[in-house]
Amino acid sequence: PEIPITTITSSQRLGEHTYITATPLWQRWNNYGIALMQEENYQTAIAAFQKVTDLVPEKADGWLNQARVLLAEGSIFEAETLLREILEQFPENLKIQYFLGQVYFAQGRFEKALFFWEKVINLYPEDAILLSDLGQLHYLMNEYERSEEYLLRAFAIDPENASVVYRLMLLY
């Protein structure tokens, strides 16, 4: 049978010339950092994301991903400091606001988390993960009706999400 082939990226090298690639160098470093983060190789991931910030300082990606690594490894207050700094440079970036909300949620500062997450959910009302997190946040704030509303919205989008089902079980 003929197997369909999809070209995702390509590169080419001619003699002593540098590689010609369809993927920019900063993006390749970013992808490498993401892979390292998924392997929980946090220090090397931070170094890769620092390379991204060096290559494209006008983009938030490198700094944001460094903060994500800090959050993943449990350095919540360091992640907060970095996220607040880059939010000043990129005030409209919703990814920064989402992860800042995660930091405040992890710290138990629910009102601050809610402030940032409501901005994101207003633009992305079908985000099942954020809906679930908002449901959990309202549950922890003893706002059970509001919690149920968010969790049921998340459940309607993804009824097989174990986290949503578990949170609904806790609520009920």
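The values are calculated or read from the model by the stated rules, or taken from the named source; none is laboratory data. Worth saying up front: this structure is predicted, and the values here are computed from it rather than measured. Note that each Cβ is placed from the backbone with ideal geometry, even for glycine, and that neighbours are counted across all protein chains shown. Quick note on the areas: whole protein, heavy atoms, side chains included, nothing else; ligands and nucleic acids left out. Shrake-Rupley method; radii C 1.70, N 1.55, O 1.52, S 1.80 Å.
If I ask for residues that are surrounded by 13 or more Cβ atoms within 10 Å (Cβ to Cβ) and touching a Phe, Trp or Tyr at 6+ places or on another chain (Cβ under 9 Å), which ones from the stretch 100-114 would you list?
Leu100, Gly101, Gln102, Val103, Tyr104, Phe105, Gln107, Phe110, Lys112, Ala113, Leu114 - these are the residues of the stretch 100-114 that are surrounded by 13 or more Cβ atoms within 10 Å (Cβ to Cβ) and touching a Phe, Trp or Tyr at 6+ places or on another chain (Cβ under 9 Å).
Can you list residue pairs whose Cβ atoms sit under 8 Å apart, with the first residue in the stretch 29-58 being farther than 16 Å from Ile86 by Cα and part of a helix (DSSP H, G or I) and the second being among the β-branched types (Val, Ile, Thr) and open to solvent by 50 Å² or more (accessible area, probe 1.4 Å)? Count only pairs 6 or more apart in sequence or on different chains.
Hits for this filter: Leu36/Thr44; Ala45/Ile34.
Scan the stretch 16-28 for residues that are of a type outside the set (S, T, N, Q), open to solvent by 60 Å² or more (accessible area, probe 1.4 Å) and assigned to a loop (DSSP other than H, G, I, E, B) and jot them down.
Glu16, His17, Tyr19, Ala22
Need the failing condition index for Gly135 against (1) within 25 Å of Val165 (Cβ to Cβ); (2) open to solvent by 40 Å² or more (accessible area, probe 1.4 Å); (3) more than 18 Å from the chain's Cα centre (by Cα), just the number.
Every listed condition holds for Gly135 apart from (2).
Kindly establish whether Leu87 is out of contact with any Gly (no Cβ under 7 Å at 6 or more places or on another chain), open to solvent by less than 60 Å² (accessible area, probe 1.4 Å) and within 24 Å of Val52 (Cβ to Cβ).
Spelling it out, Leu87 is indeed out of contact with any Gly (no Cβ under 7 Å at 6 or more places or on another chain), open to solvent by less than 60 Å² (accessible area, probe 1.4 Å) and within 24 Å of Val52 (Cβ to Cβ).
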